[in-house]
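Here is the structure we will look at.
The values are calculated or read from the model by the stated rules, or taken from the named source; none is laboratory data. The model shown is predicted, which means the values in this text are computed figures rather than measured ones. Here the Cβ is made from the backbone with ideal geometry for all residues, glycine too, and neighbour counts use every protein chain on show.
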Amino acid sequence: AQRVTQPEKLLSVFKGAPVELKCNYSYSGSPELFWYVQYSRQRLQLLLRHISRESIKGFTADLNKGETSFHLKKPFAQEEDSAMYYCALRSGSARQLTFGSGTQLTVLP
Amino acid sequence: ETGVTQSPTHLIKTRGQQVTLRCSSQSGHNTVSWYQQALGQGPQFIFQYYREEENGRGNFPPRFSGLQFPNYSSELNVNALELDDSALYLCASSVGGRSSTDTQYFGPGTRLTVL
């Protein structure tokens, strides 16, 4: 069965510092991975997906199949990055998402 | 283009009661997935409906059931409510169903409290 692990429930960094949110997965097939973000009082929204290999709001994430990881990185954190971040893996006949438990990122001024 | 909407926003029920939650999918989407998000946890997949048929189901008992209507809106029904059913219920709409690579767009959720 698939599993997504986000080891940090809370993460605080100062504005302008680099940030890395960790995500590890367990899946026997070829993984399709996503990062979703939820800003305060807003709905869950897609931040980026690994197949796009894009940078959104300065964030990037690289799939490392050897380490079964999909860490989210940003070189210079901004206060508006403060939010809850969820890593998710898509699988199954319904292409359903399996989410990690989330990391609450706080960027301090 | 309207986004995914859910009703009601909040709901309080007592143990043993039944509840129906509603979701209107985003314009042009034919697939609705339902997720349960307990406090402090990530969303957990309940089931998905594609063109009015159940397309997949997570590890939830049969008292969780659903429907999808011809306009692709959907209902989640929960019978014999238990205290552990207290959670935020999210629906997400997308295009395609089986083997789809399309993004799932989430609604704001319905907060269910079971007393």
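Laid out as a table, the results:
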quantity	calculated
Lone qualifier among A:S69, A:S52, A:S91 - being surrounded by fewer than 17 Cβ atoms within 10 Å (Cβ to Cβ) and either more than 30 Å from B:T9 (Cα to Cα) or within 14 Å of chain B (Cβ to nearest Cβ) (or both)	A:S52
Number of positions in the range A:78-88 that are in a strand (DSSP E or B) and more than 7 Å from chain B (Cβ to nearest Cβ)	5
Residues (crowded, with 17+ Cβ neighbours inside 10 Å and either farther than 17 Å from A:S91 by Cα or free of Cβ contacts under 8 Å to residues at least 12 places away in the same chain (or both)) located in the range A:23-42	A:V37, A:Q38
Search result, residues across the range A:39-56 that are under 17 Å from A:Q104 (Cα atoms), over 11 Å from the mean Cα position of the chain (by Cα) and either among the charged types (D, E, K, R) or outside any loop (DSSP other than H, G, I, E, B) (or both)	A:R41, A:R43, A:Q45
Residues located in the range A:16-33, provided they are at pLDDT 95 or above and not polar (S, T, N, Q)	A:G16, A:A17, A:P18, A:V19, A:E20, A:L21, A:K22, A:C23, A:Y25
Single residue of B:S74, B:S65 found to be small (G, A, S), buried (at least 22 other Cβ atoms within 10 Å of the Cβ) and out of contact with any His (no Cβ under 9 Å at 6 or more places or on another chain)	B:S74
Number of the exception - A:E20 against (1) of a type in the set (D, E, K, R); (2) farther than 28 Å from B:E54 by Cβ; (3) not in a strand (DSSP E or B)	(3)
Residue among A:Q96, A:Q104 that is within 14 Å of another protein chain (Cβ to nearest Cβ) and without any contact (Cβ under 8 Å) to a residue 12 or more places away in the chain	A:Q96
Of the criteria (1) of a type outside the set (K, R); (2) modelled with pLDDT under 95; (3) touching a helix residue (DSSP H, G or I) at 6+ places or on another chain (Cβ under 7 Å), which one B:T31 fails	(3)
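Residue-wise test of (1) of a type outside the set (S, T, N, Q); (2) within 14 Å of chain A (Cβ to nearest Cβ).
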{"site": "B:G28", "(1), (2)": "yes, no"}
{"site": "B:A38", "(1), (2)": "yes, yes"}
{"site": "B:Y50", "(1), (2)": "yes, yes"}
{"site": "B:E54", "(1), (2)": "yes, yes"}
{"site": "B:G58", "(1), (2)": "yes, yes"}
{"site": "B:P70", "(1), (2)": "yes, no"}
{"site": "B:S73", "(1), (2)": "no, no"}
{"site": "B:V78", "(1), (2)": "yes, no"}
